[in-house]
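Everything on this sheet refers to the single structure shown next.
The values are calculated or read from the model by the stated rules, or taken from the named source; none is laboratory data. From a predicted model like this one, the values you see are computed outputs, not experimental measurements. Neighbour counts are summed over all protein chains in view; Cβ atoms, including those assigned to glycine, are modelled from backbone coordinates with ideal geometry. SASA here: full protein model, heavy atoms, side chains in, ligands and nucleic acids out. Shrake-Rupley method; radii C 1.70, N 1.55, O 1.52, S 1.80 Å.
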Amino acid sequence: MQKIVIIPDSFKGTISSREAGKIIQEEAMARWPKAEIIRAEVADGGEGSVDAFLSVLPGEKISVEATGPYGERIHAYYGLFGKTAVVEMAAAAGLPLVGRNLSAGKTTTFGVGELILDALDHGAEEIVLCLGGSATNDGGAGAAAALGVRFLDAEGECFVPVGDTLCRIAEIDMSGRDPRITKAKITAMCDVNNPLCGENGAAAVYGPQKGATEQDICHLEKGMLHMAGLVHRMLGKEILNLEGGGAAGGMGAGAAVFLEADLKRGIEVILDTIHFDQMLENCSLVITGEGKLDGQSAKGKVISGIAGRTSRYGIPLLAIVGTIGDDADELYETGVSAVFSIIRQPMTFEQIKQRTHSDLRKTARTIFGFAEIAKTM
């Protein structure tokens, strides 16, 4: 009997990983009703990561009132799986929470720290922190402050730094940090390798999508450099050249120094946690997908992570995606067998959003129909 594993990422801004997987599963079952089909959700550390874990592991979503990106009180959440908590920083500091009110220098990760504290209060001994989709550029200082790290200015006054005020920090006091942080195993899921500063750093690369102008980027960069210098001088830790340190507005570096977290590729953490290799036993086909396929997809993103596993076992990997970039051919070298776009004609993004569900279904139906024809050739 045929065994198929369906494990797509979300099609950003259009449909979730769950919706995409369900559509593909329905079309596969219509073509091969006797096949064994396993469906899992997946994310690389951004929005949807908690749901990805919940799709395959027994656990619960814990609702928490926390601090939002601009200091407002919001309803946030994290996932709890026994003694392991999965915290999405986007749940308390994400871009969807600010809408069009973008200001990378004024937003905070304080609420992320509150989610971690609540997880510790619920008995979590392991924290998986999902970095991605953030509206912030505070180097994780806000989250650290929520966990008891004190940031003092030149007058000795304690304050919670944001991107615009990182330069005000004169002293970092770790003595009040919650002692449970050092006892817990904390892993930060990171899908980029950008350093904290420089032309590939947090402010330069991700600042513009968070509302930062060229002038803002220069100021944010100075703040990050200032904080990194203090961390090195006062805490004896080097974060400027940390791979992934620039992720999520510098939260990668902040998690490493203030939470003592290990930074790991997000997709690898998820695949290990959901026991993906076991799913591949006796599997004949794996189907994945995402909204945009390009050269970046080959550099540690969801599809390349899945391809690394399927190629190890010689299992064909089919990718159904939205748009395909000119440099997407690099994915074939990672183990992707075939790539198909669901876009059927030139359209604006608003038009694409209206048709994604139906076009994904039609494309899956066409592919599976052709697969049946190919068997007879």
Against the definition (in contact with a strand residue (DSSP E or B) (Cβ under 6 Å, 6 or more places away or on another chain), open to solvent by 10 Å² or more (accessible area, probe 1.4 Å) and on the phi > 0 side of the Ramachandran plot), how does residue 148 come out, yes or no? no
Of the numbered conditions (1) among the β-branched types (Val, Ile, Thr); (2) modelled with pLDDT under 95; (3) within 13 Å of residue 139 (Cα to Cα), residue 192 fails exactly one; give the number of that condition. (3)
So, residue 60, is that one of a type outside the set (S, T, N, Q), modelled with pLDDT of 95 or more, surrounded by fewer than 20 Cβ atoms within 10 Å (Cβ to Cβ) and within 20 Å of the chain's Cα centre (by Cα) or not? yes
Does segment 151-202 hold any residues that are in contact (Cβ under 8 Å) with a residue 40 or more places away in the chain, of a type in the set (Gly, Ala, Ser) and closer than 24 Å to residue 116 by Cα, and which are they? 163, 184, 188, 202
May I ask you to say which residue of 49, 63 is of a type in the set (Gly, Ala, Ser), in contact (Cβ under 8 Å) with a residue 40 or more places away in the chain and within 26 Å of residue 146 (Cα to Cα)? 49
Would you please name the residue that is surrounded by the fewest Cβ atoms within 10 Å (Cβ to Cβ), looking only at residues in segment 286-303 that are of a type outside the set (A, V, I, L, M, F, W, C), closer than 21 Å to residue 264 by Cβ and modelled with pLDDT of 85 or more? 290
Filter segment 129-145 down to residues that are open to solvent by 10 Å² or more (accessible area, probe 1.4 Å) and within 16 Å of residue 188 (Cα to Cα) and give me whichever is modelled with the highest pLDDT. 133
Has segment 225-246 got at least one residue that is within 17 Å of the chain's Cα centre (by Cα), at pLDDT below 95 and either surrounded by fewer than 22 Cβ atoms within 10 Å (Cβ to Cβ) or hydroxyl-bearing (Ser, Thr, Tyr) (or both)? yes
Checking residue 102 against (1) over 30 Å from residue 272 (Cα atoms); (2) under 22 Å from the mean Cα position of the chain (by Cα); (3) in a helix (DSSP H, G or I); (4) not hydroxyl-bearing (Ser, Thr, Tyr), the condition it does not meet: (3)
Restricting attention to segment 317-324, does a residue exist that is open to solvent by 30 Å² or more (accessible area, probe 1.4 Å), at pLDDT below 95 and either among the charged types (D, E, K, R) or within 23 Å of residue 2 (Cα to Cα) (or both)? no
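Yes/no per residue for (1) aliphatic (A, V, I, L, M); (2) in contact with a Pro (Cβ under 7 Å, 6 or more places away or on another chain):
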| position | (1), (2) |
| --- | --- |
| 157 | no, no |
| 164 | no, no |
| 173 | no, no |
| 182 | no, no |
| 186 | yes, no |
| 190 | no, no |
| 197 | no, no |
| 201 | no, yes |
| 206 | no, no |
Just checking, which of 19, 27, 72 is of a type outside the set (Ser, Thr, Tyr), more than 13 Å from residue 92 (Cβ to Cβ) and at pLDDT 95 or above? 27
Reported set for segment 325-369 where residues are loosely packed, with under 15 Cβ neighbours inside 10 Å and of a type in the set (A, V, I, L, M) is 338, 347
From the option list 166, 120, single residue qualifying as within 30 Å of residue 271 (Cα to Cα), modelled with pLDDT of 95 or more and among the aliphatic types (A, V, I, L, M) is 120
Can residue 315 be described as touching a Cys at 6+ places or on another chain (Cβ under 9 Å) and of a type outside the set (Phe, Trp, Tyr)? yes
Tally, over segment 10-55, of residues that are within 22 Å of residue 371 (Cβ to Cβ), open to solvent by less than 10 Å² (accessible area, probe 1.4 Å) and in a loop (DSSP other than H, G, I, E, B): 1
